[in-house]
Structures are given as C-alpha cells and as structure tokens.
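Inspection log for the structure reproduced underneath, given as structure tokens.
The values are calculated or read from the model by the stated rules, or taken from the named source; none is laboratory data. Please read all numbers here as calculations on a predicted model, not as lab measurements. Don't worry about glycine lacking a Cβ; one is built from the backbone with ideal geometry, like all the others, and counts go over all protein chains shown. Just the protein is used for accessible areas: all its heavy atoms, side chains included, with ligands, DNA and RNA removed. Shrake-Rupley method; radii C 1.70, N 1.55, O 1.52, S 1.80 Å.
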Amino acid sequence: MRVAFGVLGPTVAESDGRALALKGPRHRAVLARLVVARRRVVPVTHLVGDLWTDPPPGAVGAVQTFVAALRRVLEPDRPSRAPARLLVTDGPGYALRPEPDAVDAWCFETAVGAAARLPATQALPRLEEALALWRGPAYAEFEEEDWARGERSRLAELRLQAVEQRARTQLDLGLAAEAVPDLDVHLAAHPWREDAWRLLALALYRQDRQGDALGVLRRARAVLADQLGVDPGPRLRRLEADILAQDPGLDPPAGPTATAARLWTRTAAAYDRTVAAGARARLETTVSLIRNLAVTGGGGLAAARQHRMEAIAAAEEFGDPDLTARVIGAYDVPAIWTRSDDPELARRIVEAAERALTASPGDAHEAARCRLLATIALETRGSRASRGPQAAREAEEIARRLDDPALLAFALNGAFMQSFTRAGLAPRRDEIGAELVELAARHDLVTYEVLGHLIRLQARGALADFAAADRHAAAVDRLAERHELPLASVFTQWYRALRLAASGQPAGAETAYRDAAALLDGAGMPGLERGLLPLALLCLRVRHRRRTWSDTDSGDTGPGGSGPGGSDPGGSDPGPVEIDLGADWGPYRPWATPFALLASGRRAEARAALRALPEPPRDLMYEACCCLEAVVALEVGDRDVLERARTRLLPAAGELAGAGSGLITLGPVEDHLADITTALRAPTSPVPPR
C-alpha cells in the first residue's frame, strides 16, 4: 500500500486516492511535525513540547499512543510484531520515512527547482503542475504552532516565487495575455511584491496597453508608499522610464520560441472561429493534437491518455465506423514499455477497436483496418490472450502489402509488444528494432527511429552486447535532444544504471538507480514507474549477494549446510536480502514478499508465498521474475518451483536475466540454471549459488 501525504493545505494522508482517517488533531499534529522534520528523527521530548504548552502527566505515553494509532492507519497490513517501515522508531524518537515523491511539499520543491533548469517550453508545464498541488496555506491547521511557522513561511515564499517564475516564463514564450490574470490575483493578496508589479506592467505593455502598464506602475508606487513607506525600487523606476520611451528592449523576445508561441495562439484562434464546433474535422484535428501531446512527456502523456478515450467516444457518437477507425488509428504513438499505464483504458480502447472492425464494411480501407489491428496488438501488451499476437501478424501483413512505411512502423511496434510469448526472444526483438531503425531513418519517422534504438538497446543488453547497447543509447540521446523528446532520456538513464549493476558496481548502481527514478516523477508513465525502483534495488542486492557468495563459498555444501539464506558459521554467508515492503512495489509485490519473509526468518511462510506466486507477466520483466522465484526456491528447497523455473528459463540460457528490460539485471541466466540443476541433483538440501 503506497501512502501519500499532503501538507500544502490541511494535513492529509491517502492511499490509492482514498483519504485515510487520521483521527484527532493531535494525531495530525504528530504526523505534520514528522513531515516538517524531512525524514529526520524527532525526539519524543520534542514532540511533547510541540504538542502541549504545559505537558500533562503521561504526555510521553500519549505521544506513543498517537504514533501507534497512526501506524495502524498508515500500515494496516503490517504484522503485529513486524517493525514499522514508514513511521519508524529510531533512537530517542520517531521519524517518518516516505518516498521523496510521496509528500506534496517535497514534490512542489523538486518541480520548481527542476523548472529553473529547463527551457521555457518545458518549464511552464512543470510550474503549472507544481502550483496545482496547493490546496490552501501550507500546514493550514497549524499556523499558530512555533514548530510549523518557519516551514510555513518558507513554503509560502517559495510559492510566491513560483507564481512569478511562471509569469516570467509565460513572457519568455510570448504569452503575455496568459500572464495578466494570475498576476492580478497574486498582487491583490501580496501587494508588496515589486517584481510582480514589474511583470504585470511588462505583460500589459507587450499587449499594446501602454496606458494600462503605466497605470499599474502608478498604483505600485502608491501601494508601496502607503503600506511600506518606501519608493519603488530601481527596476520599477527603470521600467517606467523605458515604457515612456517605448524602448525596443521591452518588446517580446524575437527568438523562434516566442514566434512559435504567438503563431500557435493566432492559429488556434483562427481555427476556433472557422471550423464549426461539431465538425468531424475538428475531432480528427484534436486526435492529432492528442498524439503530439503524448510524446512531450510529463503532464502531456497523462493528459493524452485522459482525452484519448473521450475522442473515441465522441467519434462513435457519429455512427460512422470509418471515422471511428481513423480516430482510433491516428494515435500511433510509439510504445516501448510492455506494461500498460492504464489497463482499464486499454481494455476500453480494444473493445472500441473491435467494434470498429466489426462495423466496417467488407471493402473498408485496408490502412484503417491495419491501424485498428496494430492498436489491438499494442493495447493487449502483457496479455496471455491469443488475440494480440494474431492482430499483430495481420497488421504486419497488411502494412507490408501496402508498402506504407508509417503504417509498417506502427505494425512493427505491435509485433514488438507481442514478442514475449516465452523467454529467450531477445534476438527476435533485435530484428524488429533493426528494421524499425532502418525504416524510420529512411523515411524521417523520428519517434519510431528512437523506438527502434530503444528496442535494440534492450535486446543487445539481454545478449550481453553492451558495446552495441551503448551505441543505441547514445543515438537515442542525440535524437531526443534534437527533436525535443524528453521521455527518451528516462530510458537511457535507467540503462546506464543497469550498466553499473552489470559491471559489479552496486554502490554506484544504487545511486544511479535513485537518480533515474527521480526522472520518472511526473513523467506520466505509471505502468513503468510503479514498483520499479524497489524492484531494481532488490535485483541489485540479490545479484551482489550472489557474487559475494560466489567469491567466498568453498563449494562444499551438503545436507544441513548453509544456503544463500541460511546461517554459515564460517562467516562466508552474506546474509538475507533485506527489503522494505513499505515501499510502493506496484505489480512486483508478490515477488518481493518471499524475500521479506525469509529476511525475518519465516521460511514456511516464504515457501507458501512462493507457491502462491502468479504466472510472471509476459513482458520485459519475465526472465527477471522467473529468476527471483528460482532464488527463493533455492533457499527454501522447493523442487517443484525449481523444475518450473528451469523449464521457463532454458530458452534464455544465453541471456542476462532482466537486462532485456534495459533497466535491471540479475546476471547470466545460465548461472541461475546451473544453480537450479545442482540443487535438483542433490538428494536433500539446496545448494548455494556458485
């Protein structure tokens, strides 16, 4: 269960969009006080002093009661005697240890800081998202508390700076009209902000409202004199003089960014005036915009998902299957990750595509049919149903027959998504990637060229050909920078963390993984993000532990000897893999649970959890999940699971487990197979990895 905390307004906690009951005001105060501490320990004596001006007898016990109640709410599934993972006891007090992206105030600060380093086109949406996190004053119910005052003031000032930073960014983009309303509201509440007055006057001047701009500056002079008894600063005085002189330096930036922004605004307004509100052409134009929005990253991808089904539903209302097919098929956004970001949306899209195929006349345009089939292949990724592979084959056949490069690229993306029917198919995916790179480069299909390189990066990594994978990563970065495709760098940075892990540098790899995970914050890819960092760290620790064991093990382990989770009196056992089940494991929690049980010495429960594991999803993590099962099965001596793992992994004997994802690795599959084979030959106990 992932818990998120909100302090930009009243203090709240929620899980999966559901508010958690935090009970009374002192419970909320304890929680807020721990958030203020930013993962550091707050001694119990400090908590007592913060909660009561005159602490009553038994105040320490009361604080302990509040903490116990909070733990029950925040970690309801934690066994009664298991240590807390989120609200922990540490030395003389308590600490709240949420993930960096689990507190809205921390996310706000990260986004504002990141926006300052981004070009204006990317900074503006980050600032919009950051400011949207505010639900009211920070720590709203604790405005009188000394412990909250400093943090409230700091966050409030940062918010004011973010509002002004957004206005400056809008002006840099030639969006002066958009900046004015927010600045008006901002100054009504904070009339002493001189830079805000300057920005408002400049925004008005750039709309050819010179008189209004001078009026704003006169109003600023009066407000500052009346409220603070001071004259305007030099920047305001200089702006007034420049406006009176109509200084050309006040004109909007003449660069391509500002020109493009103004062109967009004028063209959109003309389209809105010219094309009727209910026209079908407007719907098809909207879908093209949604498609382009999806490749911008962050909020764009999330917004595209939200509006995509709305567009499909609107098309179906016309009762024209050809229109519906065009609207569905126009969203040919390249996809590299094999787990859906929104399974329910994917299901609805597939149903709509099937309806369009059924309703289309027999002589329907083959290209439209191909796009519908490719859509089905993409949206059924990770499924065991036969419809996906069948749709992929049909789409590819049609695209090759029509000799349409863009259509073939879309169909090949569907073929890639359906190339996970078993382990060991990295060579097949490498072929798909190679064809995509060649096809896309020849026909200027940039996003598919990036996709082809990413597929080859994954496939060559699976085949331990890191020299080739490095070249594909570099090609992705070049294309992404040249064509403003920010999401591509997420995958190349994760790949570089994998490289460190594969080369036996666990400390550097862990740092790189955490840095790469920060790029996923706000990237709009929950199907990739959820559970990925904890899984990567688990695989890193399992791999490092196995290498440590291999370096120190004598190789002589018989019945009753020490396995990878046992106790070795000689001191060579690196110990169990410690993991934090309080983290957001997403879909990978079933594979993490047995490791947590083993770490706490509950071998029988670990064996039961192992037996209860679902079939690993048919996606880029398939081999990794199979190897994790095998590692646990070796520890608990489960021969049936080992037999099953061997059968599943044999086709991938020449690959690196998990490296086909381009994200993680558990080392050579053949090493895991060797461990399994040795264990199955032993009459009783399992053996440690070699």
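Filtering the stretch 622-636 to residues that are farther than 15 Å from R543 by Cβ, buried (at least 24 other Cβ atoms within 10 Å of the Cβ) and aliphatic (A, V, I, L, M) leaves only A633. R38 meets all of the listed conditions (1) more than 21 Å from A140 (Cβ to Cβ); (2) in a loop (DSSP other than H, G, I, E, B) but one, namely (1). For the stretch 335-344, indicate whether the set of residues that are surrounded by fewer than 18 Cβ atoms within 10 Å (Cβ to Cβ) and in a helix (DSSP H, G or I) is non-empty. The answer is yes; a qualifying residue exists. Once the stretch 41-82 is narrowed to residues that are in contact with a strand residue (DSSP E or B) (Cβ under 8 Å, 6 or more places away or on another chain) and part of a loop (DSSP other than H, G, I, E, B), the residue that is least open to solvent (accessible area, probe 1.4 Å) is E75. The set of residues from the stretch 224-240 being open to solvent by 30 Å² or more (accessible area, probe 1.4 Å) and either part of a helix (DSSP H, G or I) or among the small types (G, A, S) (or both) comprises A225, D226, Q227, L228, G229, P234, R235, R237, R238, E240. Against the numbered list (1) hydrophobic (A, V, I, L, M, F, W, C); (2) out of contact with any helix residue (DSSP H, G or I) (no Cβ under 9 Å at 6 or more places or on another chain); (3) within 29 Å of T110 (Cβ to Cβ), L228 comes up short only at (3). Counting only residues that are in contact (Cβ under 8 Å) with a residue 60 or more places away in the chain and open to solvent by 30 Å² or more (accessible area, probe 1.4 Å), which one in the stretch 467-486 is nearest to the chain's Cα centre (by Cα)? Here the answer is P486.
The residues in the stretch 218-237 that are over 46 Å from the mean Cα position of the chain (by Cα) and among the basic types (K, R) can be counted, and the count is 2. Any residue in the stretch 154-170 that is outside any helix (DSSP H, G or I), farther than 17 Å from A201 by Cβ and more than 27 Å from the chain's Cα centre (by Cα)? No, the stretch 154-170 contains no residue that is outside any helix (DSSP H, G or I), farther than 17 Å from A201 by Cβ and more than 27 Å from the chain's Cα centre (by Cα).
Of the candidates P574, P616, P594, P590, the single residue that is closer than 30 Å to S383 by Cα, modelled with pLDDT under 95 and buried (at least 16 other Cβ atoms within 10 Å of the Cβ) is P616. Is at least one residue of the stretch 7-14 closer than 17 Å to W147 by Cβ and part of a helix (DSSP H, G or I)? Scanning the stretch 7-14 turns up no residue that is closer than 17 Å to W147 by Cβ and part of a helix (DSSP H, G or I). The set of residues in the stretch 517-547 that are open to solvent by less than 20 Å² (accessible area, probe 1.4 Å), assigned to a helix (DSSP H, G or I), touching a residue at least 60 places away in the same chain (Cβ under 8 Å) and within 22 Å of R305 (Cβ to Cβ) comprises G527, L528, L532. Just one of the listed residues (R514, R482) is at pLDDT below 95, within 19 Å of L666 (Cα to Cα), part of a helix (DSSP H, G or I) and basic (K, R), and it is R514.
Any chance the stretch 640-647 includes a residue that's hydroxyl-bearing (S, T, Y) and surrounded by 19 or more Cβ atoms within 10 Å (Cβ to Cβ)? No, there is no match, as no residue in the stretch 640-647 is hydroxyl-bearing (S, T, Y) and surrounded by 19 or more Cβ atoms within 10 Å (Cβ to Cβ).
Residues in the stretch 8-30 that are among the hydrophobic types (A, V, I, L, M, F, W, C), touching a strand residue (DSSP E or B) at 6+ places or on another chain (Cβ under 7 Å) and open to solvent by less than 20 Å² (accessible area, probe 1.4 Å) were compared, and the one that is farthest from Y139 (Cα to Cα) is L20. Restricting attention to the stretch 423-466, the residues being in contact (Cβ under 8 Å) with a residue 40 or more places away in the chain, closer than 25 Å to R648 by Cβ and open to solvent by 30 Å² or more (accessible area, probe 1.4 Å) number 2.
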